[in-house]
Amino acid sequence: MELAPLLSYIAFFLVFAGIFAVMALGLNLQWGFCGLFNVGVAGFVAIGAYSSALLTGPPEPERFGGFGLPILLGWIGAMLASGVAAFIVGVAALRLREDYLAITTFGIAVVIQLVALNAQTITGGPFGVQSIPRPFFELLGSGLAWNLAYLGLVATVLALTWWALERLVASPWGRVLRAIREDEQAAASLGKRAAAFRLQSFVLGCMLMGLGGALYAHFVGYIAPEDFLPILTFQIWAMLIVGGSGNNLGAVAGALIVWAIWSVSGGLLREVMPQAEQARGAALQVVLIGVLISAILVARPRGLFGERARVSRHADGHDG
Amino acid sequence: MLQLVADGLIVGSVIALGAVGLTLTYSILRFANFGQGEFMTWGAYLAVSALTFVLAMTGGGVMQPIEPFSFGWQLLVALIIAAVLTALLALLLDWLLFRRLRHGNAITLVIASFGAALALRNLLQFFYGTLPEYYSREIQISLRLVPRDVMGGLRITPDQLLVIALTGVVVVGLHLLLTRTTLGRAMRATAMNPALARVAGVDVDAVVRATWVIGAMLAAVAGVFAGIVGQIRPMLGFDLLLPLFAAAILGGVGSVWGAVLGGFIVGLAESFSVPIFGAEYRAATAFLVLIAILLLRPTGLFGEKR
């Protein structure tokens, strides 16, 4: 096997793993550290992807958007748009029973999918948005060099996200989140407004999902509604649960492992299943993810890397 | 106008039946079961297979419709078989998965139901493929109940009328079960306070099993009804999940009549949204209803304060 295509594939694989890791880190902030159950991951990812695509893309006569802004502004716009959507959903659902958030986020993802599919003048409808600018593409061309460059970009974003989240969850703010997750009444009795902290955690997490969506859009170059089906939500959940929620290392490792399982199983099924049965093979692949989520929940609820029992860095070694 | 009401009632029947099952499992098993929609889909598809089987057993393999309906008695037998099989599926799922998670965090159960729903839906797609199926290919002439010059008129097929009527029968039957039998009282007691119910001698494990059976059977019936008035597709239940939740929460979690009313309200809201927002956004209506109820009255119409 020639080296260049192999390297190119590895870079491609790692770019996706890195993008998924950013999304999984966002979900970890919500579920792992604050106990918020978000079933609308795909919706918030879609908002980010479409926002960045519309902000940075070339003008299209038939469609809204195409402002040709710099890509970095597109990414910031993606985070803002997903954050605003999360704020609206959060205000409606977060003050209620915890499973109502699950139902509401499920609903918002359905609605976003509908809008993506039907609001032709904004989202391009079923055909999606094409010719999303790819950073350094003119400079490097479509080969290995570009894949590696984008990998570097994704790795930088991932590292920044990681660093910011580690700082956040180790801060007093992060401790309050975990306190609310464990015992809301106790946290409230110490004067912490649970609703406000929950909302902050939810909005920040969704902003990361939006960023992940933008990273995806500018790597692939075009987006369509079928890129943001509920299966994406399941994949991110599987990553977090396999890796271990409440631990950023778990979220990133889970992203890598589940994406590897997904890619390998997809390749195997394509080999094994005859051409006419490919759609059925794809269904079987999704069954695998569903069973994986359920099996890990039963057999190893903490995932591969469970949460570290840590109060604060000042109290290390004293908490027994 | 009248036609929109009728369309809303037909869709509402299916939503109502599914939502009643959802509200029961929600209040007694204490978690939002995202698998309820998949029980509907499985019920609908199991009835397809059961129908083929029944027709093969009764010779000929051809269904002779009972006038004025598009299907014969064999479909009703298939419906019962499908409901029993769906109940067994729910029990199997509980034994494999939910039973082991019941003593942990309630949200873990929701995640598990999410994973299970995903697996169930795609398993179905693997077995049956993605092409739509029908119980009967008979073409039905719709009855004109109201002439066109009275409020836009009203046309409805006998099948659709039967679905609305049978929904009423099933719900009344369930109401009698819950209010007049020992099992029903035990179920309501468990919904209110499981610990107290156990102390009072209620076999909570049996109640849990009964709840799964009833919830899954209602889902299967709803799924078959959805198949009678429409197509049987792998996404049938998934697409109904949001209306189901909206209806159950609108009615107040735990309230059977609330879920029925909620189901019809969501069904009517969906059909009335079509001339306003267009058919393509029909599915978003349930979400608007859900957001409105969460903002205005999160306990639902008949819910108790928690």
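Computed values, structure above
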{"item": "Residue match in region B:99-115 (condition: within 18 Å of the chain's Cα centre (by Cα), at pLDDT 90 or above, more than 7 Å from every other protein chain (Cβ to nearest Cβ) and surrounded by fewer than 19 Cβ atoms within 10 Å (Cβ to Cβ))", "result": "no"}
{"item": "From A:Ile108, A:Ile103, A:Ile180, A:Ile112, residue being buried (at least 19 other Cβ atoms within 10 Å of the Cβ) and either more than 14 Å from chain B (Cβ to nearest Cβ) or touching a Cys at 6+ places or on another chain (Cβ under 9 Å) (or both)", "result": "A:Ile180"}
{"item": "Residue match in region A:188-206 (condition: modelled with pLDDT of 95 or more and small (Gly, Ala, Ser))", "result": "yes"}
{"item": "Filter result (more than 8 Å from chain B (Cβ to nearest Cβ) and either over 22 Å from A:Phe16 (Cα atoms) or surrounded by fewer than 18 Cβ atoms within 10 Å (Cβ to Cβ) (or both)) within region A:289-308", "result": "A:Ala295, A:Ile296, A:Ala299, A:Arg300, A:Arg302, A:Leu304, A:Gly306, A:Glu307, A:Arg308"}
{"item": "Members of region B:43-75 that are surrounded by fewer than 16 Cβ atoms within 10 Å (Cβ to Cβ) and in a helix (DSSP H, G or I)", "result": "B:Thr52, B:Phe53, B:Ala56, B:Met57, B:Trp73"}
{"item": "Tally, over region A:73-93, of residues that are within 14 Å of chain B (Cβ to nearest Cβ) and either more than 12 Å from A:Gly210 (Cβ to Cβ) or surrounded by fewer than 20 Cβ atoms within 10 Å (Cβ to Cβ) (or both)", "result": "7"}
{"item": "Output for region A:145-188, where each listed residue is within 28 Å of A:Leu215 (Cβ to Cβ), in contact with a Lys or Arg (Cβ under 9 Å, 6 or more places away or on another chain) and without any contact (Cβ under 8 Å) to a residue 40 or more places away in the chain", "result": "A:Trp146"}
{"item": "Residue match in region B:163-173 (condition: buried (at least 19 other Cβ atoms within 10 Å of the Cβ), under 24 Å from the mean Cα position of the chain (by Cα) and more than 24 Å from B:Glu67 (Cα to Cα))", "result": "yes"}
{"item": "Cross-chain or 6+ apart pairs with Cβ under 7 Å, region B:217-246 first and within 13 Å of chain A (Cβ to nearest Cβ) and within 25 Å of A:Gly40 (Cβ to Cβ), then among the basic types (Lys, Arg) and crowded, with 24+ Cβ neighbours inside 10 Å", "result": "B:Pro234/B:Arg121; B:Phe238/B:Arg121"}
{"item": "Count of region B:218-232 residues which are surrounded by fewer than 24 Cβ atoms within 10 Å (Cβ to Cβ), in a helix (DSSP H, G or I) and either in contact with a strand residue (DSSP E or B) (Cβ under 7 Å, 6 or more places away or on another chain) or not β-branched (Val, Ile, Thr) (or both)", "result": "0"}
{"item": "Hits in region B:52-93 (condition: of a type in the set (Gly, Ala, Ser) and at pLDDT 85 or above)", "result": "B:Ala56, B:Ala78, B:Ala82, B:Ala83, B:Ala87, B:Ala90"}
{"item": "Filter pass, B:Met40 being surrounded by fewer than 19 Cβ atoms within 10 Å (Cβ to Cβ) and either away from chain A (no Cβ under 14 Å) or within 19 Å of the chain's Cα centre (by Cα) (or both)", "result": "no"}
{"item": "Lone qualifier among A:Ala17, A:Ala46, A:Ala24, A:Ala85 - being touching an Asp or Glu at 6+ places or on another chain (Cβ under 9 Å), of a type in the set (A, V, I, L, M) and closer than 18 Å to A:Ile236 by Cβ", "result": "A:Ala46"}
{"item": "Output for region B:116-154, where each listed residue is charged (D, E, K, R) and modelled with pLDDT of 85 or more", "result": "B:Arg121, B:Glu133"}
{"item": "Residue in region A:240-248 that is within 14 Å of chain B (Cβ to nearest Cβ), among the β-branched types (Val, Ile, Thr), over 30 Å from A:Phe127 (Cα atoms) and out of contact with any Asp or Glu (no Cβ under 6 Å at 6 or more places or on another chain) present", "result": "yes"}
{"item": "Conditions (1) more than 10 Å from chain A (Cβ to nearest Cβ); (2) touching a residue at least 60 places away in the same chain (Cβ under 8 Å); (3) at negative phi; (4) not polar (S, T, N, Q): number failed by B:Val253", "result": "(1)"}
{"item": "Residue ID - surrounded by the most Cβ atoms within 10 Å (Cβ to Cβ), chosen from residues in region B:116-160 that are more than 14 Å from chain A (Cβ to nearest Cβ) and over 23 Å from B:Val229 (Cα atoms)", "result": "B:Met151"}
{"item": "Hits in region A:34-51 - residues which are part of a helix (DSSP H, G or I) and within 14 Å of chain B (Cβ to nearest Cβ)", "result": "A:Cys34, A:Val41, A:Ala42, A:Gly43"}
{"item": "Positions within region B:286-303 being among the small types (Gly, Ala, Ser), in a helix (DSSP H, G or I) and either crowded, with 16+ Cβ neighbours inside 10 Å or at the interface with another protein chain (Cβ under 7 Å from one of its Cβ atoms) (or both), in sequence order", "result": "B:Ala286"}
{"item": "Identity of the residue in region A:266-288, more than 17 Å from A:Ile236 (Cα to Cα) and within 9 Å of chain B (Cβ to nearest Cβ), that ends up surrounded by the fewest Cβ atoms within 10 Å (Cβ to Cβ)", "result": "A:Ala279"}
{"item": "Unique match (being part of a helix (DSSP H, G or I), more than 23 Å from A:Gly221 (Cα to Cα), among the aliphatic types (A, V, I, L, M) and in contact with a helix residue (DSSP H, G or I) (Cβ under 6 Å, 6 or more places away or on another chain)) among A:Ala102, A:Ala164, A:Ala78", "result": "A:Ala102"}
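The rows are residues; the columns are (1) in contact with a Leu (Cβ under 9 Å, 6 or more places away or on another chain); (2) more than 24 Å from B:Pro132 (Cβ to Cβ).
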position	(1), (2)
B:Gly8	yes, no
B:Tyr26	no, yes
B:Val48	no, no
B:Phe69	yes, no
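Residue by residue, here is whether (1) within 19 Å of A:Leu256 (Cα to Cα); (2) among the hydrophobic types (A, V, I, L, M, F, W, C); (3) in a helix (DSSP H, G or I) holds:
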| position | (1), (2), (3) |
| --- | --- |
| A:Ile122 | no, yes, yes |
| A:Leu158 | yes, yes, yes |
| A:Val176 | no, yes, yes |
| A:Gln185 | no, no, yes |
| A:Ser201 | no, no, yes |
| A:Met209 | yes, yes, yes |
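The values are calculated or read from the model by the stated rules, or taken from the named source; none is laboratory data. Note that the structure is predicted; figures quoted are calculated from it, not measured. Ideal geometry is used to build each Cβ from the backbone, glycine not excepted, and the neighbour counts take in all protein chains shown.
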